[in-house]
Structures are given as C-alpha cells and as structure tokens.
1. Do you know which residues across the stretch 115-136 are outside any helix (DSSP H, G or I) and loosely packed, with under 14 Cβ neighbours inside 10 Å?
2. Just the residues that are more than 18 Å from Lys211 (Cα to Cα), part of a helix (DSSP H, G or I) and more than 13 Å from the chain's Cα centre (by Cα), please, taken from the stretch 331-363.
3. Check whether at least one residue in the stretch 159-175 is hydrophobic (A, V, I, L, M, F, W, C) and either assigned to a loop (DSSP other than H, G, I, E, B) or touching a Cys at 6+ places or on another chain (Cβ under 7 Å) (or both), and report yes or no.
4. Considering only residues that are in contact (Cβ under 8 Å) with a residue 24 or more places away in the chain, aliphatic (A, V, I, L, M) and out of contact with any Gly (no Cβ under 6 Å at 6 or more places or on another chain), look in the stretch 320-354 and name the one that is surrounded by the most Cβ atoms within 10 Å (Cβ to Cβ).
5. Starting from the stretch 159-171, keep only residues that are in the same structural domain as His208 (by TED's automatic domain parsing), then list their pairs with residues that are modelled with pLDDT under 95 and of a type in the set (Asp, Glu) whose Cβ atoms are within a distance under 7 Å, requiring at least 6 positions of separation or different chains.
6. For Glu192, state whether it is in the same structural domain as Tyr297 (by TED's automatic domain parsing) and not aliphatic (A, V, I, L, M).
Amino acid sequence: MSDRADVTVIGAGVVGLAIAARLASKNRQIYVLEKNDTFGQETSSRNSEVIHSGIYYPANSLKAKTCVEGNSMMYQLCKEYGVEHGNLTKLVVATCDEEIAQIEELLEKGRVNGTPGLQIISKKEIAAMEPNIEAVAALHCPTTGVVDTHGLMQCLIAIATRNDAHIAYRSEVTEINKDGDGYEVIVNNDGEPFALKTRVVINCGGLHSDKVSACAGIDIAKAGYGLHYCKGEYFSVGNGKNKLVSRLIYPVPPAKTTGLGVHVTMTLDGRMRLGPSVEYVDTVEYSVDVGKKQMFYDSAKTFLPFVDYDDLEPEMAGMRPKLQGPGQEYRDFVIKDEADIGLPGLINLIGIESPGLTASPAIAKYVENLVSPYL
C-alpha cells in the first residue's frame, strides 16, 4: 500500500464503491478504506434491495434527483455488466376510499420528480395484475425493481480495481488532518497505524459517517451531522404464499413516520418478505424481535388477505443512518464539499439511507463533479 493517493474513499458500501468505480482511472491513485473484513457489511447488505422509482421525496431534493437519475443508471449498469436484477414493478395500494387521495398525492409528487410511467389503476385493473391482494385503487410504478446488492458491489469493485483503484479492508480511519493542499489520513490498518497522504477525502462511512466527519475536526452537532440509528426488521412469508404475489406491494405511507410502512418485497429467488419496521435505537445490533410478529401480520393482512399468522417467520434486520430523529422533520442527503469551513476537497456524505442503493450511480456522478476541480 502506497502512502500517497489522489482520492481516498472511506467506506466500502455500495455508495463508496460506486464512487470509486466512477473516479478510478489509470492515471489516478485511489484507495477505498473499509474498517470491516470485507465490503458492504452494514447498511448495503441489510436492506430490501429495491430499485426505487422516486415518488416519495420532496421536489428538487437530492433524494428525488439522485433516485430518479439513479434508477435508469442502475438498470443500465446491471444490463451492461450482467448484474442480476428484476424490473418487477410496484403497486402502492389504497385499501379504502379515504386512502385514494394519498396515492394521488404520490402520483403528483412522482410526476414532479420526473418518475416515468406512473398511473393510478382501478380495482378491476389491480385484480388483473395481482388477483390475490385487496385494494380499491393503486399507484402503479413501472420502473421499480430489485437488484442483487452483493453482485452489484462485486461488479463495482471489479470496475474500480480494473482501473487501478485499491481496497484496504480492516482499515479504520482514526484521524483526518489538513496537510498543505490535501490531507493526512491516519488509519488503523489491521492493528497497525498507517498515515496516508491524499488530495481528496470522500466520507462514505454510512452508519459511522458522522464520526468520520468528526475525525476531521468538524463539530457534528453544529453542522447538523449527528446520525440517529433507525432499525428495520423483516419477516418472511412462507408456506407457499410467496407464489401468490408477483410484484412489490406497498401500503400508503403512514402519516408522521420516517418509513414507508410494512410492505411486500420479492427477492430475486422468489421469496416474499414483509418489512421493514421503523424503530429508533441507540446501538447497532441485528436481532429480530419475534414479539413484533403480530404487528407485521396485522399490517400485511389489510392488503394480503391470504396471509396467516403462522406463515410469518423472522428473517433479518438492518440499520438506517438517519439525520432526522424521532418526530423530526424530513432531512435530505448531505453531500457536501467542506471548502466553506476551510476543508476543501473533504467531501462528506451523511445520512445516505433509502434511496441510497438506487441513487448510488447518480450520487457517484454528483460527487465526481464536486471533486473534479481538485484532480
């Protein structure tokens, strides 16, 4: 490992890897530093793997822009490199007349954001698509799908390393110090300290991105970068019931929550999952509370009449790095060059939760524009 780099990316989740793949070239020295034993061990490997369409986010927000652009970029990337994926489409269902206004609002929000192909369909049209679900109307989202996130990250690593980028695992950043026209990054490399001099630092630390920012001396409370851990649990649906639905099925988003409601996602191998739940927690841990089974069942039963309580089994849990705490207002992604506080070339990505997977190719393009003046 050299002691000098043009670009140092902190974090080998899907966003960090997408950035490394985008920036890598034969005439650049690029390092990706990852504190875990391998890539994508946290948020990137514990999610629903959905390619979102961009209907939930405020107009002109980074989430809206990067999700809609990232959606088409993701499909293109998957097709070009043979990453397994499926354009399954999605229905956001209204289970009573009172909810129709909410899917009409989502339709308008999606159209403003540039999401293509959105259409509200009738109960009869729903029955033709998904005869086993219960709904009076639905918003059909034809660009929603799922992707093999592990395969996607392997692909991004191959693109990056083919262009001479390097990935260092078991390498935890402990300090980031301004050093002339660049930075000195102090790394605990498998128990041994190491100093890396770099022109650009890109913080893609995910759940720990606020702490990485603090390593550069940024007051994360003053900057509004403090993260809140939000746990999402999933239950699988067994007993052959997975064959009764072929698309992703979402309820209308619950009012005043930070999630999209317990919804149905299908995996690429045909399994059906319910989730994720929304629970703010103080620590990162991935147990699934079997006591939540009744809540998952009650939520799903409103639009999946065929589901029985005994069909549900705990499956997995993930963590979202949220900028907004419980009951707080919506917060957008933070993707920022910290030049205005005397740290030019330090690019912070904070609060990259959903739709971060979908948005990752577009986020990489956005970051490329931020760092181009320094390279």
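1. Gly117, Gln119, Ser122, Pro131
2. Scanning the stretch 331-363 gives Ala339, Asp340.
3. Going residue by residue through the stretch 159-175, those that are hydrophobic (A, V, I, L, M, F, W, C) are 159-160, 165, 167-168, 173.
Retained after the next criterion (residues that are either assigned to a loop (DSSP other than H, G, I, E, B) or touching a Cys at 6+ places or on another chain (Cβ under 7 Å) (or both)): 165, 173.
Checking the stretch 159-175: at least one residue is hydrophobic (A, V, I, L, M, F, W, C) and either assigned to a loop (DSSP other than H, G, I, E, B) or touching a Cys at 6+ places or on another chain (Cβ under 7 Å) (or both).
4. Once the filter is applied, the top-ranked residue is Ile352.
5. From the stretch 159-171, the pairs are Arg170/Asp190.
6. no
For (1) among the charged types (D, E, K, R); (2) within 24 Å of the chain's Cα centre (by Cα); (3) at pLDDT 95 or above, each residue gets a yes or a no:
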site	(1), (2), (3)
Asp219	yes, no, yes
Tyr225	no, yes, yes
Val252	no, yes, no
Thr257	no, yes, no
Asp269	yes, yes, no
Lys293	yes, no, yes
Ala300	no, yes, no
Leu323	no, yes, yes
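One line per residue, one yes/no per condition, for (1) assigned by TED's automatic domain parsing to the domain that holds Val212; (2) surrounded by fewer than 20 Cβ atoms within 10 Å (Cβ to Cβ); (3) basic (Lys, Arg); (4) out of contact with any Phe, Trp or Tyr (no Cβ under 7 Å at 6 or more places or on another chain):
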{"site": "Thr302", "(1), (2), (3), (4)": "no, yes, no, yes"}
{"site": "Pro305", "(1), (2), (3), (4)": "no, yes, no, yes"}
{"site": "Asp311", "(1), (2), (3), (4)": "no, no, no, yes"}
{"site": "Met316", "(1), (2), (3), (4)": "no, yes, no, no"}
{"site": "Ala362", "(1), (2), (3), (4)": "yes, no, no, yes"}
{"site": "Val367", "(1), (2), (3), (4)": "yes, no, no, yes"}
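The values are calculated or read from the model by the stated rules, or taken from the named source; none is laboratory data. Please read all numbers here as calculations on a predicted model, not as lab measurements. Positions of Cβ are generated from backbone atoms using ideal geometry, with glycine treated the same way; all protein chains shown enter the neighbour counts.
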